[in-house]
1. Which condition does P437 not pass, out of (1) under 20 Å from R358 (Cα atoms); (2) within 16 Å of ligand 1 (Cβ to nearest atom), if it passes all the others?
2. Can you find even one residue in the stretch 259-267 that is touching a Gly at 6+ places or on another chain (Cβ under 8 Å) and within 16 Å of ligand 2 (Cβ to nearest atom)?
3. Among the residues of the stretch 342-373, which ones are part of a loop (DSSP other than H, G, I, E, B) and more than 34 Å from the chain's Cα centre (by Cα)?
4. Quick one: in the stretch 426-441, of everything that is crowded, with 18+ Cβ neighbours inside 10 Å and within 9 Å of ligand 2 (Cβ to nearest atom), which residue is nearest to L476 (Cα to Cα)?
5. Can you confirm whether the stretch 454-471 contains a residue that is within 16 Å of ligand 1 (Cβ to nearest atom), at positive phi, in contact with a helix residue (DSSP H, G or I) (Cβ under 7 Å, 6 or more places away or on another chain) and assigned to a loop (DSSP other than H, G, I, E, B)?
6. Restrict the check to the stretch 389-397 and report whether at least one residue is away from ligand 2 (no atom under 12 Å from the Cβ), assigned by TED's automatic domain parsing to the domain that holds S475 and open to solvent by 70 Å² or more (accessible area, probe 1.4 Å).
7. Would you point out which residue out of T247, T210 is open to solvent by less than 10 Å² (accessible area, probe 1.4 Å), over 25 Å from T61 (Cα atoms), among the β-branched types (V, I, T) and not in a helix (DSSP H, G or I)?
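The values are calculated or read from the model by the stated rules, or taken from the named source; none is laboratory data. Keep in mind that this is a model prediction, so the values were computed, not measured. Quick reminder, even Gly has a Cβ in these numbers, built from the backbone with ideal geometry, and neighbours come from all protein chains shown. Note: accessible area is taken over every heavy atom of the protein model, side chains too, but ligands, DNA and RNA are not part of it. Shrake-Rupley method; radii C 1.70, N 1.55, O 1.52, S 1.80 Å.
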Amino acid sequence: MFRENFPISMPRFTRTGFNVLVTFGLAVINSGCGEAPQAKFKYRPTTEDLIPEANKAVVKTLTEDFGTPEKLVAWERFPVDYGGVKGTVAANDGPAGAFSVTLDGDAGKIAKGASLLWVTGSQAGGKSAEATVKSFNAVTKTLQLASASTAPVAGDRFIVAFGEDMQLGRVVYMKNCMHCHGVTGDGDGPTGKFLNPRPRDYRNGKFKFTSTQSQEKATRDDLHRIVQYGIPGTYMPSFLLLGKRETTAVVEYVRWLAIRGEFEKRFVEELTNDYSESVIVDSIKKAQASYEEKKRNKEEAEKPLSESKAKKEAAAAFKKYVDDKELDGAIEETANLLAAAWTQSETPEVSVVPTSQRVEDTPESRERGRLLYMSNTTKCYTCHGPTGRGDGAATEDFWDKPGTSVKFEKRGLHDEWGNPLKPRNLTLGQYRGGRRPLDLFRRIRAGIKGTPMPAFGETVLKDPQVWDVVNYVMSLPYQQKQPTAVKHPAEVVAKNEEKPAN
Ligand code: HEC
Ligand code: HEC
């Protein structure tokens with residue numbers, strides 16, 4: 001397996017980089033809560049539930065390929081801008097460690113003292129060599145190294161000041177986002193617990209308010225917009241005051257956390273059925289019950305394995321899984337899938353772009369929109385209510401947890417993360433995903449990812465019809481006061497639990 005990853009680790013910090021880390025550490029200790037948060041990545045409960053052998057393998061993979069919050073590892077497979085100037089050694093043609101090179105980007109960051117990493121064919125598979133830049137001649141494109149244990153040769157790829165942007169993103173994140181979104185990006189930061197809606201758990205790789213089709217990831221621009229303007233009506237603040245470079249860097253860091261989180265999720269899903277403790281214990285319990293039942297009926301029955309025997313067998317099977325390179329295969333497949341998905345989201349083909357201009361906002365268009373809203377093709381009213389107050393019948397039902405027949409304990413809708421969720425009150429005119437007509441078009445066309453707000457595809461609504469619905473929805477805040485529907489007691493309780501924002 002060929003995995004190119006360069007650790008962005010302490011030894012490669014320049015003096016200022018090192019200072020950033022120290023200051024940042026102090027900043028966290030002084031951050032007021034009295035309790036210094038541990039800068040450690042948490043693992044999912046499903047990871048913790050694996051038999052020790054499988055758990056160790058997952059932790060090892062995550063640590064090797066993504067690192068720790070203090071010592072990040074950049075896995076080049078993923079479309080993440082870690083920062084740095086990349087290039088190739090053209091010829092090893094000068095005196096003492098001088099090389100002519102070709103660069104992929106501009107040479108701005110190549111300065112004396114900058115760290116340089118290179119990979120060669122022979123060093124592929126994770127190892128890279130380090131050196132320090134002694135000088136760089138931008139005219140002749142000649143690079144001279146101050147120190148290096150081995151010499152690069154023509155064709156070797158290298159990168160200068162690698163991971164700079166990632167480090168910056170991490171610092172910005174730890175200062176501004178971590179206390180809500182958590183070190184791991186699981187939405188479980190120290191203040192996150194008290195918020196409604198909860199801060200996004202990035203680890204499903206899903207973002208709600210995007211410009212892309214319903215099955216696609218968010219674009220960089222989508223995340224950039226969220227960070228700049230925040231999400232009105234929620235605790236997600238606006239970070240307009242962050243500089244452009246900081247915003248770009250933190251967006252990249254969030255994408256990386258999302259990739260790391262979804263990698264863990266999907267990778268562990270591959271292992272859960274065969275190698276998780278609770279599955280083993282459950283199946284023994286079932287086998288034991290059926291054994292006892294058969295014995296009672298005086299039927300022939302085979303005694304089930306003891307728990308320790310079953311776990312030993314699972315451990316042996318896992319060893320074979322590793323020996324047969326199936327574990328490596330699962331890593332590879334998961335990485336490929338995520339790399340492809342995050343690359344695809346940036347392509348214009350997956351962007352939701354209306355093919356027709358906004359239909360003129362006339363009483364007729366609004367009326368067509370209202371009829372669609374109240375129709376059984378869209379069923380908007382079942383969630384948002386006949387008057388748009390977010391009090392449709394669906395909010396009174398008990399719903400199944402996704403993929404199960406077990407009901408949620410609370411009435412009403414829930415998001416993919418298991419949190420209770422209300423359909424938006426459309427009479428308030430507050431739109432979390434942006435208030436341009438185009439934003440609303442996208443919300444209706446592609447839904448709100450990870451929530452029950454569905455995507456209405458072209459077979460259900462043609463573009464002009466979506467625009468009619470947009471015109472109707474946008475008129476709701478300006479309509480005459482409508483009679484309030486009688487509230488179900490459970491809904492009143494739910495309302496009281498919802499903390500008002502802003
Ligand atoms: C005070 C708490 C808080 C802080 C601080 C905070 N967020 Fe959020 N963030 C939230 C909440 C709450 C949501 C979920 C809102 C929702 O579901 O509508 C959210 C959602 C998000 C989303 C998801 C957008 C989507 O379309 O799904 C992103 C991305 C995000 N935040 C990034 C950041 C970044 C980057 C920072 C730091 C620069 C940050 N947040 C700081 C509370 C916070
Ligand atoms: C199954 C329930 C359901 C149906 C059906 C539904 N919605 Fe929603 N809708 C929701 C939920 C839940 C949210 C809030 C999601 C969130 O922000 O977490 C929402 C949010 C919205 C928003 C807010 C967007 C924003 O940026 O804040 C709009 C607008 C909207 N829906 C319009 C519609 C329209 C129009 C229809 C019919 C074409 C519709 N919805 C059908 C559940 C539904």
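1. (2)
2. No.
3. Initial filter on the stretch 342-373 (part of a loop (DSSP other than H, G, I, E, B)): 345-347, 352-362.
Residues satisfying the conditions are V359, E360, D361, T362.
4. Here the answer is L426.
5. So in the stretch 454-471, the residues within 16 Å of ligand 1 (Cβ to nearest atom) come out as 455.
Those still in the list that are at positive phi too: none.
Among the residues of the stretch 454-471, not one is within 16 Å of ligand 1 (Cβ to nearest atom), at positive phi, in contact with a helix residue (DSSP H, G or I) (Cβ under 7 Å, 6 or more places away or on another chain) and assigned to a loop (DSSP other than H, G, I, E, B), which makes the answer no.
6. No, there is no match, as no residue in the stretch 389-397 is away from ligand 2 (no atom under 12 Å from the Cβ), assigned by TED's automatic domain parsing to the domain that holds S475 and open to solvent by 70 Å² or more (accessible area, probe 1.4 Å).
7. Values: T247 fails: not in a helix (DSSP H, G or I).
Result of the check over T247, T210: T210.
Every residue, every condition in (1) at pLDDT below 95; (2) open to solvent by less than 20 Å² (accessible area, probe 1.4 Å), yes or no:
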| site | (1), (2) |
| --- | --- |
| A455 | no, no |
| D468 | no, yes |
| V486 | yes, no |
| E498 | yes, no |
| A501 | yes, no |
